[in-house]
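Please read the structure below before turning to the comments.
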Amino acid sequence: MSIPSLYTVESVTCGHPDKVCDQISDAVLDACLVQDPLSRVAVETFGTHGLLVIGGEVTTKAEIDFEQLARKVYREIGYDDSELRVLTHVAQQSREIASGIQDEGAGDQGIMYGYATSETPEFLPLGVVLAHKFAKQLEDLRRSGTVPWLRPDGKTQVTVRDGKIETVLVSTQHDEGVTNEQIAEMVRTYMLEPLGLTDVQLLVNPAGSWTVGGFDADAGLTGRKIMVDNYGGLIPHGGGAFSGKDPSKVDRTGAYMARSVARDLVKQGHADEVFVSVAYAIGRAEPVMVHAHDGEGNDLSAHLGAYDFRPRAMIEYLDLRTPQFRNLAAYGHFGREKF
């Protein structure tokens, strides 16, 4: 198994409806961890056309005003919350689940995958790096005032053939009266030309004008951008989302650990591409499977002995009781030096 020679990946801005929900869910997690590092959190957020719903299960000593926290995140992203109705329904974690993981067992069953490649300094495929970079640039250009007509919602897409960028697609929300020609010139000037990408195919807002975005245009839901959060669909995915989940949930922690180990094995020179997979049974600390292989399918599992994939060990190794997750909730969870 190896990354194909021709592929397309996407990213979205922090103002995309799904990412708004991810950031609110992770802001709740961070707020709980600030007051109680042992908080158990499983929070989902749903938004659509003036309505925001926060639900899920929390076991924590923290005292959180969920509505005010959500409104704060919403405003910081760049939206007006004056017409936003917020409903909250957050319950205690199921006693059966809580008792099943009290000895630091896995918070759920499932399969997680990690990947790393020597192709870029971020140890990610080039297309994944650039899709996130372009999406983040849309936010930076908007917030800095460099391009004042940009609005929060947006998506980017990059097609790569044989290691070279072939097509860049940028769809962005904008003020009334802005033309596609203006958007294309902005993309070329601030995003493509600084990277020397002067001969790629560029597509901007292919469906035409996009002035209405966020929850005014579309629904959003926590965990609906799992491929954007991971590797763009280029490797398998176990199906578990990240945002709104405390580190006892192996959907998050197992995937982070698998990525960390894959990156280590590439850095150590064992292969140019490394795939790591790990699987858990709820309530059990020891994984039911851990495996690693390179891009040609050669088994690298012998190099995994130095790593402890039990949930508590992974949490400590990766420092996952530290509040930091809202900052990870947009532009991918991997390949970012700060994390």
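The values are calculated or read from the model by the stated rules, or taken from the named source; none is laboratory data. Given the structure is predicted, the values throughout are model-derived calculations rather than measurements. As a convention, Cβ positions derive from the backbone with ideal geometry for all residues, glycine included, and neighbour counts pool all protein chains shown.
Close Cβ contacts (under 8 Å, 6 or more residues apart or on different chains) running from residues in the stretch 256-277 that are in contact (Cβ under 8 Å) with a residue 12 or more places away in the chain to residues that are in a loop (DSSP other than H, G, I, E, B) and of a type in the set (S, T, N, Q) comprise 266/118; 271/298; 272/118; 273/2; 273/118.
The residues listed here are 218, 246, 251, 229; of these, the one that is closer than 19 Å to residue 8 by Cα and not polar (S, T, N, Q) is 229.
The strands (runs of 3 or more DSSP E) found entirely in the stretch 1-81 that carry 1 or more residues being among the acidic types (Asp, Glu), touching a residue at least 24 places away in the same chain (Cβ under 8 Å) and out of contact with any Leu (no Cβ under 9 Å at 6 or more places or on another chain) are 51-59.
Against the test of being closer than 20 Å to residue 247 by Cβ, over 19 Å from the mean Cα position of the chain (by Cα), of a type in the set (D, E, K, R) and assigned by TED's automatic domain parsing to the domain that holds residue 22, the options 104, 57 yield a single qualifying residue, 57. All of (1) surrounded by 15 or more Cβ atoms within 10 Å (Cβ to Cβ); (2) modelled with pLDDT under 95; (3) hydrophobic (A, V, I, L, M, F, W, C); (4) not assigned by TED's automatic domain parsing to the domain that holds residue 240 hold for residue 285 with one exception: (4). Working only within the stretch 132-184, note down all residues that are polar (S, T, N, Q), outside any strand (DSSP E or B) and within 21 Å of the chain's Cα centre (by Cα). If the condition is that a residue be polar (S, T, N, Q), outside any strand (DSSP E or B) and within 21 Å of the chain's Cα centre (by Cα), then 137 is the only one that fits. The residue list 244, 240 contains one member that is of a type outside the set (Phe, Trp, Tyr) and crowded, with 22+ Cβ neighbours inside 10 Å, which is 244.
Within the stretch 221-237, none of the residues are without any contact (Cβ under 8 Å) to a residue 40 or more places away in the chain, in contact with a helix residue (DSSP H, G or I) (Cβ under 8 Å, 6 or more places away or on another chain) and in the same structural domain as residue 116 (by TED's automatic domain parsing).
Condition check: among the hydroxyl-bearing types (Ser, Thr, Tyr) and either in contact (Cβ under 8 Å) with a residue 40 or more places away in the chain or in a helix (DSSP H, G or I) (or both). Does residue 198 satisfy that? No: the conditions fail for residue 198. Annotation: residue 145 fulfils all but one of (1) surrounded by fewer than 21 Cβ atoms within 10 Å (Cβ to Cβ); (2) in contact with a Pro (Cβ under 9 Å, 6 or more places away or on another chain); (3) not acidic (Asp, Glu); the unmet one is (2). Answer yes or no: is there a residue in the stretch 178-194 that is at positive phi, surrounded by fewer than 14 Cβ atoms within 10 Å (Cβ to Cβ) and modelled with pLDDT of 95 or more. No: the stretch 178-194 contains no residue that is at positive phi, surrounded by fewer than 14 Cβ atoms within 10 Å (Cβ to Cβ) and modelled with pLDDT of 95 or more. Please indicate, with yes or no, whether at least one residue in the stretch 317-337 is in contact with a Leu (Cβ under 7 Å, 6 or more places away or on another chain), small (Gly, Ala, Ser) and part of a loop (DSSP other than H, G, I, E, B). Yes, because at least one residue in the stretch 317-337 is in contact with a Leu (Cβ under 7 Å, 6 or more places away or on another chain), small (Gly, Ala, Ser) and part of a loop (DSSP other than H, G, I, E, B). Being within 18 Å of residue 142 (Cβ to Cβ), assigned by TED's automatic domain parsing to the domain that holds residue 139 and touching a Gly at 6+ places or on another chain (Cβ under 7 Å) is a property that residue 173 has.
In the stretch 13-51, which residue that is farther than 27 Å from residue 171 by Cα and touching a Gly at 6+ places or on another chain (Cβ under 9 Å) is surrounded by the most Cβ atoms within 10 Å (Cβ to Cβ)? Before you say what the answer is, go through the steps one by one.
Step one: list which residues in the stretch 13-51 are farther than 27 Å from residue 171 by Cα, which gives 28-43.
Filter again for touching a Gly at 6+ places or on another chain (Cβ under 9 Å), leaving 28-29, 40-43.
Details: 28: 31, 29: 27, 40: 21, 41: 29, 42: 24, 43: 26.
Filtering first and then ranking leaves 28.
Taking the stretch 271-282, which residues are closer than 17 Å to residue 3 by Cα and either in a loop (DSSP other than H, G, I, E, B) or of a type outside the set (Gly, Ala, Ser) (or both)?
Keep residues of the stretch 271-282 that are closer than 17 Å to residue 3 by Cα, which gives 271-277.
271, 272, 273, 274, 275, 276 - these are the residues of the stretch 271-282 that are closer than 17 Å to residue 3 by Cα and either in a loop (DSSP other than H, G, I, E, B) or of a type outside the set (Gly, Ala, Ser) (or both).
On the stretch given as the stretch 39-61, residues that are of a type outside the set (D, E, K, R) and out of contact with any strand residue (DSSP E or B) (no Cβ under 9 Å at 6 or more places or on another chain) total 1. Of everything in the stretch 62-77 that is touching a strand residue (DSSP E or B) at 6+ places or on another chain (Cβ under 8 Å) and of a type outside the set (Val, Ile, Thr), the residue that is surrounded by the fewest Cβ atoms within 10 Å (Cβ to Cβ) is 67.
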